[in-house]
Amino acid sequence: MTQALDSSNLRQWGRRALAATFLAGQVVMHLISRPLHRRNTLEQMAAVGPESLLIALITAAFVGMVFTIQVTREFLSFGAGTAVGGVLALTLARELGPVLTAVIIAGRVGSAFAAEIGTMRVTEQIDALQILKTDPIDYLVIPRVLACALMLPLLNVLSFITGMTGGLLIATNQYGIPYSVFLDSAKSFLSVWDLVSSLIKAFFFGILIAIIGTSWGLTTTGGAKGVGQSTTTAVVTALLAIFISNFFLSWAMFQGTGSAVMSNF
């Protein structure tokens, strides 16, 4: 019975994943051919950006501080304390910044998308929109996709700055690394491509979170219980999508030889 239940859940997840893929294609077509709901888009941008800013910055600050503690003690033992700022900058820009910011948005915003739209689905509000000749994709999906795609890169930049600030405070106050050494290291290690790749990842993660959250909401069935299941499954799926796509994006962007660290020694 458990195996049958697992198989049923897997089939349901597969159907929803296919529906999300189809929804992504519809979003692209509607963006090309139809006008935007500007007010709705601005409201969603406020929900994704400013309302998520504090938790994103707090997370980035402590991640930067913890990473600096772990790296600095090891680097100092090898006489490489001058590389701490650069290594932290590379790590935040390439991986930790976009991934952790996306995880926060998936948990906070992606779940809200699935719950809100799922509730609208089971209470037949989406059917009412269609009766009023309002396309749910134009009114509900596209504003959320644009909000996540535009605001997540901005949150990522602010998280990077905050994480670097947290690491700088620990490195200077706890380990005696001068401000100038820390910042010069970060400047010499980072390249323009590192920052661009960080923005590309954040942009792509934002689209994934919004598509998955809205698609799982639109395919919700089963009343209040179904809304809860859709919300949970949407978050788990979004997190898996972030981690898996991050591997392929990193592979495409940074595969091959070469080292920003070794070139500075």
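The values are calculated or read from the model by the stated rules, or taken from the named source; none is laboratory data. It should be emphasised that the depicted structure is a prediction, and the values quoted were computed from it without experimental measurement. In this analysis, Cβ positions are derived from the backbone assuming ideal geometry, glycine residues included, and neighbour counts consider all displayed protein chains.
I'm checking my understanding of the structure. Among residues of the stretch 44-96 that are in a helix (DSSP H, G or I) and among the aromatic types (Phe, Trp, Tyr), which one is modelled with the highest pLDDT? Residue satisfying both the conditions and the ranking: Phe62.
Evaluating Val141 against the criteria (1) over 27 Å from Thr232 (Cβ atoms); (2) surrounded by 20 or more Cβ atoms within 10 Å (Cβ to Cβ) leaves one unmet condition, (1). Restricting attention to the stretch 194-217 and to residues that are aliphatic (A, V, I, L, M) and under 17 Å from Val48 (Cα atoms), the residue that is surrounded by the most Cβ atoms within 10 Å (Cβ to Cβ) turns out to be Ile209. Across the stretch 100-134, the qualifying residues are those that are part of a helix (DSSP H, G or I) and polar (S, T, N, Q), and the one among them that is surrounded by the fewest Cβ atoms within 10 Å (Cβ to Cβ) is Gln130.
Applying the set (1) within 23 Å of Ala106 (Cβ to Cβ); (2) free of Cβ contacts under 8 Å to residues at least 24 places away in the same chain to Lys201 leaves exactly one unmet item: (2). Each residue in the stretch 218-248 was checked for being assigned to a helix (DSSP H, G or I) and either surrounded by 17 or more Cβ atoms within 10 Å (Cβ to Cβ) or touching a Leu at 6+ places or on another chain (Cβ under 7 Å) (or both), and 15 pass.
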